[in-house]
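To start, the structure itself, in structure tokens.
The values are calculated or read from the model by the stated rules, or taken from the named source; none is laboratory data. Keep in mind it's a predicted model, so treat the numbers as computed, not measured. Cβ placement follows ideal geometry from the backbone for every residue including glycine, while neighbour counts extend to all protein chains displayed. The protein model used for the area step is the full one, side chains on, heavy atoms only, and it has no ligands, DNA or RNA in it. Shrake-Rupley method; radii C 1.70, N 1.55, O 1.52, S 1.80 Å.
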Amino acid sequence: MPETKILLPESEIPTHWYNVVADMPNPPAPVLGPDGKPIGPEALAAIFPMNIIEQEVSSERWIPIPDEVREIYRLWRPSPLFRAHRLEQMLGTPAKIYYKYEGVSPAGSHKVNTAVPQAFYNREAGIKRLTTETGAGQWGSSIALAGQMFGLEVRVYMVKVSYEQKPFRRSMMHTWGAEVLPSPSPLTEAGRQILAAHPDSPGSLGIAISEAVEEAATRSDTNYSLGSVLNHVLLHQTVIGLEAKKQFELVGDYPDMVFAPCGGGSNFGGVAFPFLADKASGKAVRLVAVEPTSCPTLTRGHYAYDFGDSAGLTPLMKMYTLGHDFVPPGIHAGGLRYHGDSTLVSQLYHEGLVEAQAVAQLATFEAGLTFARAEGIIPAPESNHGIAACIEEALRCKESGESKTLFFNLSGHGHFDMAAYDRYFAHELEDYDYPSEAIEEALHHLPKVG
Ligand SMILES: *Cc1c(COP(=O)(O)O)cnc(C)c1O
């Protein structure tokens with residue numbers, strides 16, 4: 001029987017990140033300022049260091065990973081690639097299933113892959129503090145850890161409903177020395193405005209981003225740090241796909257399809273973009289972003305310029321969006337709640353180079369249980385989206401008799417998400433299709449451009 005864990009030595013940790021912009025058929029749609037004109041890199045300098053801005057706008061194919069960052073990557077990278085023998089047997093599929101496991105990072109998800117270089121570049125630029133938002137808490141924990149490693153103070157605005165439901169994610173952030181506040185908070189103008197209009201607001205990622213950006217923009221010792229969506233974040237995450245390609249080489253296989261959960265796009269971009277490079281040179285590989293039916297950004301959103309946050313403080317980015325004032329339905333427990341999506345992922349989807357699927361909530365938890373019972377690891381609810389789409393394809397292979405090679409990114413473990421599983425066990429979760437009227441309505445709130 002072929003190996004179960006396909007491992008690389010530390011010497012195989014990538015030395016460069018892969019920048020997909022170099023292989024895109026068209027340059028990325030420009031980022032626009034409030035006047036609708038493309039902004040220059042300086043416009044971002046109030047909240048990001050120049051070394052990160054350079055990466056944000058770069059079209060170089062390969063960008064070197066600093067030694068200090070690779071040193072820290074060694075704590076958990078290269079992450080293992082698993083052959084899911086037991087899942088294959090349980091499903092009775094002729095398909096071969098592989099997954100890359102990013103839950104081996106100290107914070108338990110792929111997000112640390114970008115938190116570490118972001119903290120590093122900010123320290124290099126002389127910054128002392130970082131602000132950020134977090135939804136489910138994975139990003140907040142990752143940046144808390146990375147800030148600790150590079151001696152930066154970290155303040156996290158945590159979406160209020162998660163702040164209340166996920167006390168142990170808060171404890172993790174405290175353990176690594178970060179300060180955590182429920183958002184909307186009375187500390188910022190953006191927070192005060194929301195509280196005045198909706199005192200019981202459960203918060204949203206868009207609101208928390210407004211708070212963190214506002215604070216960073218008004219303090220010179222403080223920068224803002226984002227865990228997904230932006231080009232440099234997707235760039236840092238390509239260590240996942242780059243390692244996976246070497247691991248597939250070791251076993252002489254190559255995926256027909258790659259699946260990844262997609263919220264803001266960093267996890268999907270991180271695993272899929274290095275394979276897109278092969279697609280550009282003629283390889284037939286399908287790349288599938290998987291999202292919830294309750295937050296169907298790529299599959300049902302508008303492809304338009306929109307703000308990255310709810311208060312409209314960020315520049316305008318062209319992306320699939322449900323509207324920057326989107327507040328996710330309370331019934332949704334599976335993460336991936338951001339209203340928009342990465343510009344790069346959006347454009348590649350628009351141009352037909354990558355695919356997207358939406359999966360209903362109950363199916364994602366069912367897939368997570370099937371996986372946990374076969375392979376042992378309890379996946380993060382976000383990861384369950386990719387697993388569900390992969391299992392569905394494996395069952396199609398069972399019907400057709402095809403032995404495709406399927407690969408998904410297991411983006412994190414679910415050890416701090418057991419309250420969501422408990423809601424599933426207690427039959428408190430239901431399927432929810434985001435209403436068409438709400439999507440229609442969002443059109444009227446999109447900023448006017450041109
Ligand atoms: C954040 C997160 C995702 C989604 O990543 P995006 O960059 O928002 O698409 C998926 N899985 C886990 C475990 C996460 O923490």
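Peptide packing: for 412-424, 375-387, 154-166, 433-445, the average count of neighbouring Cβ atoms within 10 Å per residue gives the ranking 375-387, 154-166, 412-424, 433-445, highest mean first.
One chain, two ends: Leu250 and Asp433. Fully extended at 0.36 nm per residue, the span grows by 61.7 nm beyond their Cα-Cα distance.
Karplus-based coupling profile of the range 318-328, in residue order and whole Hz: 7, 7, 6, 8, 9, x, 5, 8, 4, 10, x, with θ = phi - 60° in 6.51 cos²θ - 1.76 cosθ + 1.60 and x standing for Gly or Pro.
For a Förster distance of 35 Å, can you work out the FRET efficiency between the beta-carbons of Thr15 and His85, rounded to the nearest 0.05?
Efficiency for this residue pair is about 0.65.
Each residue, Ser220 and Thr405, gets one label point 7 Å from its Cα in the Cβ direction; the gap between the two is 5.5 nm. At an R0 of 35 angstrom, the distance between the Cβ atoms of Glu164 and Glu60 translates into a FRET efficiency of 0.20. Here Lys100 is the anchor, and the aspartates and glutamates within straight C-alpha reach of less than 18 Å, apart from those fewer than 8 places off in the same chain, are Glu3, Glu10, Glu12, Glu88, Glu243, Glu249, Asp253, Asp256, Glu375, Glu382, Glu393. Under 14 Å from the 7 Å Cα→Cβ point of Glu153, by amide nitrogen: which residues of the range 9-50? In the range 9-50, the label zone of Glu153 (backbone N under 14 Å from the point 7 Å along Cα→Cβ) covers no residue.
For Gln193 and Lys5, calculate 0.36 nm times their separation in residues minus their Cα-Cα distance, and state this gained length in nm to one decimal.
Values: separation 188, 0.36 × 188 = 67.68 nm, distance 5.10 nm.
Taking 0.36 nm per residue and subtracting the Cα distance, the gain is 62.6 nm.
The Cα center of the range 203-248 and the Cα center of the range 383-416 differ in position by 27 Å.
What shape does the chain take by its C-alpha gyration tensor, where a ≥ b ≥ c are the square roots of the eigenvalues and a/c under 1.5 counts as rounded, a/b above b/c as prolate, and the rest as oblate? Intermediate results must be reported in sequence, preceding the final value.
On the way: a/c = 1.41, a/b = 1.27, b/c = 1.11.
It is rounded, given that a/c, with a ≥ b ≥ c, falls under 1.5.
In a reduced charge model with +1 at each Lys and Arg Cβ and -1 at each Asp and Glu Cβ, the range 358-450 shows a dipole moment near 380 debye about its Cα centre. What pairs in Lys5/Lys96; Lys96/Lys398; Lys283/Lys398; Lys5/Lys246 have C-alpha atoms more than 20 Å from each other? Pairs exceeding the cut-off: Lys283/Lys398. In whole angstrom, note down how far apart the Cα centers of the range 74-91 and the range 112-139 are. Taking the Cα centre of the range 112-139 as reference, the centre of the range 74-91 is 28 Å away. For Thr405, nonlocal amide neighbours, meaning residues 5 or more places apart or on other chains whose placed amide H falls under 5 Å from its own, are Lys96, Asp256, Met257. Here Ala125 and His350 are evaluated by their C-beta separation; at R0 = 35 Å the FRET efficiency comes out at 0.55. Magnitude of the charge dipole for the range 1-156, about its Cα centre and with charges confined to Cβ atoms of Lys, Arg (+1) and Asp, Glu (-1), is about 520 debye. Coupling constants for the range 270-284 follow from the phi torsions by the Karplus curve (6.51 cos²θ - 1.76 cosθ + 1.60, θ = phi - 60°), and in residue order they are x, 8, 8, 4, x, 7, 4, 4, 5, 4, 4, 9, x, 6, 8 Hz; glycine and proline get x. Helices in the chain, meaning DSSP H runs of at least 4 residues, each add -39500 (n - 2.57). Divided by all residues, the mean residue ellipticity at 222 nm is -12000 deg cm²/dmol.
Place a +1 charge on the Cβ of each Lys and Arg in the chain and a -1 charge on the Cβ of each Asp and Glu, then give the dipole magnitude about the Cα centre in debye, rounded to the nearest 20. Walk me through the numbers on the way to the answer.
Details: 35 positive and 53 negative charges, 158 e Å.
The calculation lands at about 760 debye.
Estimated at the nearest 10 Å², the accessible area of Leu7 is 100 Å² with a 1.4 Å probe. Taking a point 7 Å from the Cα of Leu443 along the Cα-to-Cβ direction, the residues of the range 287-321 with backbone N closer than 15 Å to it are 300-305, 321.
The range 1-54 and the range 292-325 have Cα centres lying 20 Å from one another.
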